[in-house]
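The values are calculated or read from the model by the stated rules, or taken from the named source; none is laboratory data. On a predicted model such as this, the values are computed, not experimentally measured, just so you know. FYI the Cβ positions are ideal-geometry reconstructions off the backbone, even for glycines, and counts take in every protein chain you see. The area values use the complete protein model at the heavy-atom level, side chains included, leaving out ligands, DNA and RNA. Shrake-Rupley method; radii C 1.70, N 1.55, O 1.52, S 1.80 Å.
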Amino acid sequence: MTTLDDLPIRADLRGRTPYGAPQKQVPVALNVNENTHPVPEDVAHDIVARLASAILTINRYPDREFGELRDRLAGYLGHGLTRDQIWAANGSNEVLQQILQAFGGPGRSVLGFPPTYSMHAIIASGTGTRWIDGTRDAGYDISPETAVREIERTRPDLVFFCSPNNPTGTPVSLETIAAAYDATDGIVVVDEAYAEFIPADQPTALTLLEGRDRLLVSRTMSKAFAFAGARLGYLAAHSAVTDALRLVRLPYHLSALTQAAAIAALAHADEMLAMVDDIKGQRDRIIVELERLGYAPVPSWSNFVLFGGVDDPHALFEALLERGVIIRDIGIEGHLRVSAGTEAETTAFLEAIAAVGRTPVAAKLNG
Ligand SMILES: *Cc1c(COP(=O)(O)O)cnc(C)c1O
């Protein structure tokens with residue numbers, strides 16, 4: 001029987017493992033940082049109406065430049081951004097892939113700061129871009145000095161920041177991003193997938209774009225916007241950057257249905273984002289309760305919490321799964337990550353982990 005190893009696959013892909021967050025049917029799924037609140041019904045009806053109208057002309061290729069969608073995304077982001085500074089693709093993962101196709105690739109390198117979003121290294125690998133592990137400070141911080149030191153040490157073609165960072169929930173300061181930009185001639189990417197969950201009075205890297213033509217800020221509708229299944233990620237940057245991405249994107253990469261659905265959802269941005277404050281409240285509740293149970297949650301600006309103090313992460317993961325709650329083992333020693341769900345889901349998680357704490361998990365699983 002033929003296996004992957006028998007195929008003439010690229011040498012640099014041999015032995016690699018694909019992205020593999022488990023997709024299990026579990027009553028309480030808090031493992032991939034989705035917004036677990038459903039789309040409001042009136043918004044759903046409006047999306048369906050838009051889709052129905054798009055279907056009538058689906059015999060034609062879609063607007064290759066997705067102009068109306070880019071206008072809507074620019075309007076949503078604000079900061080004086082205009083259509084020509086916006087790009088979009090099927091999830092921000094595809095945006096990141098296009099960035100590496102255009103600015104990375106064989107012979108080029110990208111510096112990232114683990115622990116960080118596992119897809120960054122996987123997309124680097126897929127595009128033949130060498131991934132370099134940077135070093136963080138204590139508390140998962142990256143000071144301006146540390147960022148500059150790592151850039152000078154490794155001389156990468158691109159630098160990836162993730163802020164707030166997945167899986168730690170910690171932000172990267174604007175001072176660090178600005179210092180990193182000044183320390184390189186390369187592309188600096190800030191993955192802001194969780195931007196809507198940061199404290200309301202805090203600026204994002206969008207405020208740094210003016211005058212920084214090599215700075216790219218990526219966003220997604222997958223998390224705060226409750227639109228993960230639709231696959232819509234986007235980017236704000238200098239218009240020349242979007243010209244670069246046009247060189248590598250597939251023609252008509254955003255289907256007419258995707259464009260219609262996203263335009264309809266953006267018209268209801270307030271309603272789609274109505275649950276963000278609630279989710280932030282559940283996140284803060286998780287932090288308080290986990291601390292009370294003797295765990296060590298990391299302060300979070302996102303919709304999830306990384307927590308330490310777990311003797312046996314695999315055993316705790318399995319014990320929660322047995323109770324119908326799935327969270328995420330991200331491979332950090334002594335830690336697990338949980339997404340903030342609805343109030344009921346969060347309660348289910350907290351009750352399950354409290355109950356597990358009272359049973360000798362390790363003893364039970366060791367026989
Ligand atoms: C979830 C997540 C994304 C989202 O990817 P999409 O392809 O837009 O669904 C991007 N970056 C980070 C850091 C994430 O955690």
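Can you say whether Ile326 is among the β-branched types (Val, Ile, Thr), at pLDDT 95 or above and over 18 Å from the mean Cα position of the chain (by Cα), as far as the supplied structure shows?
Answer is yes for this residue.
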statement: Checking Gly324, Gly331, Gly309 in turn, the sole residue that is touching a strand residue (DSSP E or B) at 6+ places or on another chain (Cβ under 8 Å) and open to solvent by 50 Å² or more (accessible area, probe 1.4 Å) turns out to be Gly309
field: Only one of Gly211, Gly281 that is open to solvent by 60 Å² or more (accessible area, probe 1.4 Å) and away from the ligand (no atom under 16 Å from the Cβ)
entry: Gly211
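Mind listing whichever residues of the range 215-231 are away from the ligand (no atom under 11 Å from the Cβ) and farther than 15 Å from Ala264 by Cα? Working first, answer last.
First, the residues of the range 215-231 that are away from the ligand (no atom under 11 Å from the Cβ): 215-217, 226.
Listed by number, the residues that qualify are Leu215, Leu216, Val217.
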- prompt: Taking the condition surrounded by 21 or more Cβ atoms within 10 Å (Cβ to Cβ), outside the structural domain of Asn165 (by TED's automatic domain parsing) and over 18 Å from the mean Cα position of the chain (by Cα), does Leu254 pass?
  reply: no
statement: Looking across the range 70-95 at residues that are aliphatic (A, V, I, L, M) and under 19 Å from Gly229 (Cβ atoms), the single one that is surrounded by the most Cβ atoms within 10 Å (Cβ to Cβ) is Ala88
task: Return yes when Arg219 is farther than 22 Å from Val305 by Cα and open to solvent by 10 Å² or more (accessible area, probe 1.4 Å) and no when it is not.
output: no
- request: Working carefully through the options Tyr117, Tyr140, find the one that is open to solvent by 30 Å² or more (accessible area, probe 1.4 Å) and under 14 Å from the mean Cα position of the chain (by Cα).
  value: Tyr117
- prompt: Residue check: is Asp182 open to solvent by 40 Å² or more (accessible area, probe 1.4 Å), of a type in the set (Asp, Glu), modelled with pLDDT of 95 or more and over 29 Å from Phe66 (Cα atoms)?
  reply: yes
field: Single unsatisfied condition, Arg50 versus (1) within 30 Å of Tyr140 (Cα to Cα); (2) surrounded by 12 or more Cβ atoms within 10 Å (Cβ to Cβ)
entry: (1)
